[in-house]
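J.: Here it is, the structure in full.
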Amino acid sequence: MPGESQRQRLREAQLANQRSARLRRIILVGSIVLAAILVGVMAVVLVQQSQRADQAPTASPSGGVPYPPNATADKDGIVVLASPGKPVVGVYSDYQCASCLQFDQSFGTALNLLGQTHEIELVHHTRVFLDRGDATGLSHRAALAAACADVVGAYAAYDTAIWEAAPQGPYTDQLFLQTIPAKVGIVDADLTAFRSCYANQNLAPFVAQVEDRALQAGFTEAPVITVNGKRIPNTAFVGKSGADLKQIIEDAAKG
């Protein structure tokens with residue numbers, strides 16, 4: 001009968017949809033398990049391929065994707081201390097990365113000093129790979145907060161404060177929105193603008209783009225330090241201190 005045939009077709013369509021949904025769940029779970037297996041235990045290595053590479057945002061004169069005021073020309077980082085004509089030192093790090101924290105504790109002050117005395121141009125390329133694709137993770141939130149601090153002219157101090165807070169446990173929104181702003185002097189209208197930037201995730205596309213560009217450059221671990229775009233081997237820092245940093249950079253710039 002026509003009614004029965006129609007019901008049969010509807011039933012078959014429902015079964016097909018259920019099978020398709022079940023297959024998608026199996027593929028998703030399998031992908032997550034595979035990504036977890038590939039994560040290295042002994043090193044901070046990025047093993048999850050970015051799914052945003054083909055969707056990297058681009059700026060447009062009419063607005064488009066917003067960027068921090070001190071974003072690099074390639075929109076792949078933030079210029080902390082500009083010194084045109086000097087060696088450009090890039091620091092690729094994730095705010096949740098233990099090795100990155102150790103590097104900052106050993107060389108962060110020296111890097112900032114070289115930038116302040118205009119001996120280098122210092123650029124930060126903040127990674128978020130430790131969130132493993134979770135755009136709401138702590139690496140993303142820390143990177144977003146730091147980028148929003150650049151909007152109100154407080155990036156360098158805010159970045160330093162994040163690293164200083166890192167040994168105290170997981171980051172929190174209270175740290176980002178209250179504790180650090182009070183510490184570095186973000187107040188009044190600047191505080192309102194900073195919090196709005198963070199809450200509205202105005203610079204989230206920029207944060208994602210920085211990560212994508214680092215992946216495209218082939219950087220699959222952190223920290224990574226570059227001079228004029230060329231990576232300095234991590235072995236160059238072994239047994240060294242901030243006092244050796246200038247020579248390390250000069251040697252790399254000559255290579």
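Every residue, every condition in (1) over 18 Å from VAL123 (Cβ atoms); (2) at pLDDT below 95; (3) assigned to a helix (DSSP H, G or I), yes or no:
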residue: TYR198; (1), (2), (3): yes, no, yes
residue: PHE206; (1), (2), (3): no, no, yes
residue: ILE225; (1), (2), (3): no, no, no
residue: LEU245; (1), (2), (3): no, no, yes
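J.: Let me ask something else about it. If I filter the range 128-137 for residues that are in contact with a His (Cβ under 9 Å, 6 or more places away or on another chain), modelled with pLDDT of 95 or more and assigned to a helix (DSSP H, G or I), do I get at least one hit?
T.: Looking through the range 128-137, at least one residue is in contact with a His (Cβ under 9 Å, 6 or more places away or on another chain), modelled with pLDDT of 95 or more and assigned to a helix (DSSP H, G or I).
J.: Sticking with this structure for a sec: I'd like to know if the range 170-186 contains one or more residues that are β-branched (Val, Ile, Thr) and closer than 17 Å to HIS124 by Cα.
T.: No: zero hits.
J.: Restrict the check to the range 56-79 and report whether at least one residue is among the β-branched types (Val, Ile, Thr), surrounded by fewer than 20 Cβ atoms within 10 Å (Cβ to Cβ) and under 21 Å from ILE180 (Cα atoms).
T.: No, the conditions are met nowhere in the range 56-79.
J.: Turning to a different aspect of this structure: Please work out if HIS140 is crowded, with 20+ Cβ neighbours inside 10 Å, part of a strand (DSSP E or B), touching a residue at least 24 places away in the same chain (Cβ under 8 Å) and of a type outside the set (S, T, N, Q).
T.: Spelling it out, it is not the case that HIS140 is crowded, with 20+ Cβ neighbours inside 10 Å, part of a strand (DSSP E or B), touching a residue at least 24 places away in the same chain (Cβ under 8 Å) and of a type outside the set (S, T, N, Q).
J.: I'd like the full set of residues that are under 19 Å from ASN70 (Cβ atoms), surrounded by fewer than 18 Cβ atoms within 10 Å (Cβ to Cβ) and touching a strand residue (DSSP E or B) at 6+ places or on another chain (Cβ under 9 Å), limited to the range 185-225.
T.: Answer for the range 185-225, where residues must be under 19 Å from ASN70 (Cβ atoms), surrounded by fewer than 18 Cβ atoms within 10 Å (Cβ to Cβ) and touching a strand residue (DSSP E or B) at 6+ places or on another chain (Cβ under 9 Å): there is none.
J.: Pull up the range 80-101, narrow it to residues that are in contact with a His (Cβ under 7 Å, 6 or more places away or on another chain) and surrounded by 20 or more Cβ atoms within 10 Å (Cβ to Cβ), then point me to the one that is nearest to LYS230 (Cα to Cα).
T.: Across the range 80-101, the extreme among qualifying residues is GLY90.
J.: Quick one: would you say LEU111 is within 17 Å of TYR92 (Cβ to Cβ), touching a residue at least 60 places away in the same chain (Cβ under 8 Å) and either open to solvent by 50 Å² or more (accessible area, probe 1.4 Å) or small (Gly, Ala, Ser) (or both)?
T.: Answer is no for this residue.
So that you can scan it fast, the table gives a plain yes or no per residue for (1) over 20 Å from ALA208 (Cβ atoms); (2) modelled with pLDDT under 95; (3) in a strand (DSSP E or B); (4) in contact with a Cys (Cβ under 7 Å, 6 or more places away or on another chain):
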site	(1), (2), (3), (4)
LYS75	no, no, no, no
LYS86	yes, no, no, no
LEU113	yes, no, no, no
HIS118	yes, no, no, no
HIS125	no, no, yes, no
ASP159	no, no, no, no
ALA165	yes, no, no, no
LEU177	yes, no, no, no
ALA182	yes, no, no, no
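J.: Is there any pair with a first residue in the range 228-255 that is farther than 16 Å from GLN102 by Cα and a second that is open to solvent by 50 Å² or more (accessible area, probe 1.4 Å) and in a strand (DSSP E or B) whose Cβ atoms are under 8 Å apart and which are 6 or more apart or on different chains, and what are they?
T.: That search, which allows pairs on different chains as well, returns ASN228/VAL88; GLY229/VAL88; ALA252/LYS230; GLY255/LYS230.
J.: Of the residues PHE194, PHE206, PHE219, which single one is out of contact with any Ser or Thr (no Cβ under 6 Å at 6 or more places or on another chain), farther than 19 Å from GLY77 by Cβ and aromatic (Phe, Trp, Tyr)?
T.: PHE194
The values are calculated or read from the model by the stated rules, or taken from the named source; none is laboratory data. The model shown is predicted, which means the values in this text are computed figures rather than measured ones. Cβ sites come from the backbone with ideal geometry, for glycine too, and all protein chains shown count toward neighbours. We work out accessible area using only protein heavy atoms, side chains counted, and drop any ligands, DNA or RNA first. Shrake-Rupley method; radii C 1.70, N 1.55, O 1.52, S 1.80 Å.
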